[in-house]
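Heads up, the thing below is written out as structure tokens.
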Amino acid sequence: TVAEDMIGARDILLAEYTGCDVHIAHISSARAIALVREARQRGLRVTSEVTPHHFTLTHEAVSGYDTNTKMNPPLRSAADVAAVLAGLQDGTIEVIATDHAPHAAEEKELEYTAAPFGITGLETALGLIISQLVHTKKLALADAIAKVTIAPRRILALPQAEIKEGARANLTLFALDKKWKVDRARTYSKSRNTPFHGWELTGQVFGVYNKAQWWANPDF
């Protein structure tokens, strides 16, 4: 983790020196999270994000050398995962990002060291957030959803989306308690590189409004 810790410390120091904002993407180590927390307590404009796989999996998942567990930053220890969860709870980590990184099967079906980093993340993100954070009472539903909707737009200084009559609908509809099984053969992504194949998750999307188009999940 020292590589992540050093870069995080460097960027925070540069942000303090220049007076600029800094956003730490894909934070995963306990020390880096502590650095962000300390910087925020000193009033620095430092924000950070985490991925679902970094609050769900530990480095134990790599033991079988499944290349779908190869990601950057790598999966960390149980202590680091605990620090991630604490950071999500106390607001040190404001954003959850999918880090969606699709790869063709032939790219991932190589030796572990030769395979590219990354997994698909879009289709499992909500299920992992609800299963691992909401139903375990680590985060309230409103707080968890804010980390993928409100917080990113605020950090990027984008106008907040509004749900009101006459506004362009851009909505994800989901059932909070619906259980479903991750099946890479039925994924809607053209790529199948997920470490969550076979997992049963709670919380399933059943429809999306986007750019005036409606999509209904036929598996719901």
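The values are calculated or read from the model by the stated rules, or taken from the named source; none is laboratory data. Note that the structure is predicted; figures quoted are calculated from it, not measured. Positions of Cβ are backbone-derived with ideal geometry, glycine not excepted, and every protein chain shown enters the neighbour counts. Ligands, DNA and RNA are stripped out before the accessible areas are found, and what is left, the full protein with its side chains, is counted by its heavy atoms. Shrake-Rupley method; radii C 1.70, N 1.55, O 1.52, S 1.80 Å.
Looking at the chain, which longest stretch skips every one of the GluC sites (Glu not before Pro) that is in a DSSP loop with at most 13 other Cβ atoms within 10 Å, leaving the sites themselves out?
On the way: sites that count: Glu109, Glu111, Glu162, Glu165.
Longest site-free region, per DSSP loop and neighbour criteria: 1-108.
Subtracting the Cα-Cα distance from 0.36 nm times the residue separation, let me have the gained length for Glu38 to Asp5 in nm, one decimal.
On the way: separation 33, 0.36 × 33 = 11.88 nm, distance 1.32 nm.
Full-extension gain reported as 10.6 nm.
Mean separation of Cα pairs under 8 Å and 6+ residues apart, divided by the residue count of region 26-130: what relative contact order is that in percent?
Details: 157 pairs, mean separation 34.2, N = 105.
Reported relative contact order: 33 percent.
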Subject >> Inter-centroid distance (Cα atoms) of region 89-150 relative to region 197-216, Å >> reply: 15 Å
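Once you charge only the Cβ atoms, +1 for Lys and Arg and -1 for Asp and Glu, what is the size of the charge dipole of region 76-115 about its Cα centre, to the nearest 20 debye? Mind showing how you got there, number by number?
Details: 2 positive and 8 negative charges, 31 e Å.
Using Cβ point charges on Lys, Arg, Asp and Glu, region 76-115 gives about 140 debye.
Using the heavy atoms of the protein chains alone and a 1.4 angstrom probe, what is the accessible area of the chain per residue in square angstrom?
56 Å²
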Original post:
What list of ³J(HN,Hα) couplings, whole Hz, do you get for region 111-123 from phi and the Karplus terms 6.51, -1.76, 1.60, once you set θ to phi - 60° and write x for glycine and proline?
Top reply: 4, 3, 5, 8, 6, x, 6, x, 9, 6, x, 5, 6
**OP:** For Ala167, put the label point 7 Å out on the Cα→Cβ axis and report which residues of region 132-147 keep their amide N under 20 Å from it.
**Re:** 141-147
Subject >> Cβ-defined net charge surrounding Arg76, 12 Å radius [Lys, Arg +1; Asp, Glu -1] >> reply: -3
Original post:
Taking the Cα centre of region 96-164 as the origin, how large is its charge dipole in debye, to the nearest 20, when only Lys and Arg (+1) and Asp and Glu (-1) carry charge on their Cβ atoms?
Top reply: 620 debye
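For a test of the definition: using alpha carbon positions, the gyration tensor, and the 1.5 limit on a/c, classify region 56-102 as rounded, prolate or oblate.
oblate
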Original post:
Summing Lys, Arg as +1 and Asp, Glu as -1, what charge do residues with Cβ under 15 Å from the Cβ of Ile24 carry, Ile24 excluded?
Top reply: -3
Original post:
At a Förster distance of 30 Å, what's the computed FRET efficiency of Tyr188 paired with Asp90, Cβ-Cβ distance as r, to 0.05?
Top reply: 0.30
Original post:
With the dipole of region 80-161 worked out from charges on the C-beta (+1 for Lys and Arg, -1 for Asp and Glu) around the Cα centre, which of Thr136, Thr98, Leu110 lies farthest toward the positive end?
Top reply: Thr136
Subject >> Gain in span if fully extended, Lys179 to Val208, counting 0.36 nm per residue against the direct Cα distance >> reply: 8.6 nm
Original post:
Under 5 Å between amide H atoms, partner at least 5 residues away or on a different chain: which partners does Lys178 have, H built in plane at 1.01 Å?
Top reply: Gly203, Gln204
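At most 13 other Cβ atoms within 10 Å plus a DSSP loop assignment makes a site exposed; report the longest stretch of the chain without any exposed trypsin sites (Lys or Arg not before Pro).
Details: sites that count: Arg42, Lys137, Lys164, Arg168, Lys190, Lys211.
Longest gap between qualifying sites, sites excluded: 43-136.
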Original post:
How big is D for the chain, in µm² s⁻¹ as a whole number, if Stokes-Einstein is applied with the Kirkwood radius of its Cα pairs at 25 °C and 0.890 mPa s?
Top reply: 132 µm²/s
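Write out the chymotrypsin sites (Phe, Trp or Tyr not before Pro) in region 146-188 meeting two conditions: DSSP loop, and at most 14 other Cβ atoms within 10 Å of their Cβ. Please report the intermediate quantities before stating the final value.
Details: sites: Phe174, Trp180, Tyr188; in loops: Tyr188.
Within region 146-188, the qualifying chymotrypsin sites (Phe, Trp or Tyr not before Pro) (loop, at most 14 other Cβ atoms within 10 Å) are Tyr188.
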Subject >> Phi-based couplings in Hz for region 156-173 (Karplus 6.51, -1.76, 1.60; Gly and Pro marked x) >> reply: 8, 6, 9, x, 6, 5, 10, 9, 7, 4, x, 7, 5, 6, 9, 10, 10, 9
**OP:** Kindly state, to the nearest 0.05, the FRET efficiency for Glu16 paired with Ile150, given R0 = 30 Å and r defined as their beta-carbon distance.
**Re:** 0.70
Subject >> Extreme residue, positive dipole direction of the chain, given options Thr194, Trp215, Ala125 (C-beta unit charges) >> reply: Trp215
Original post:
Relative to the present Cα-Cα distance, how much length would full extension add between Tyr65 and Phe117 at 0.36 nm per residue of separation?
Top reply: 17.4 nm
Original post:
Kirkwood Rh, region 34-159, all Cα pairs: how many Å?
Top reply: 15.6 Å
Subject >> Count of Lys pairs (Cα-Cα under 24 Å; at least 8 positions apart or interchain) in the chain >> reply: 21
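About its Cα centre, what dipole magnitude does the chain give when the only charges are +1 on Lys and Arg Cβ and -1 on Asp and Glu Cβ, stated in debye to the nearest 20?
On the way: 24 positive and 25 negative charges, 108 e Å.
It comes to approximately 520 debye.
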Subject >> Calculated from backbone phi, Karplus (6.51, -1.76, 1.60) coupling profile of region 203-220 in Hz, x at Gly/Pro >> reply: x, 10, 6, 10, x, 9, 9, 8, 6, 6, 10, 10, 10, 10, 6, x, 8, 6
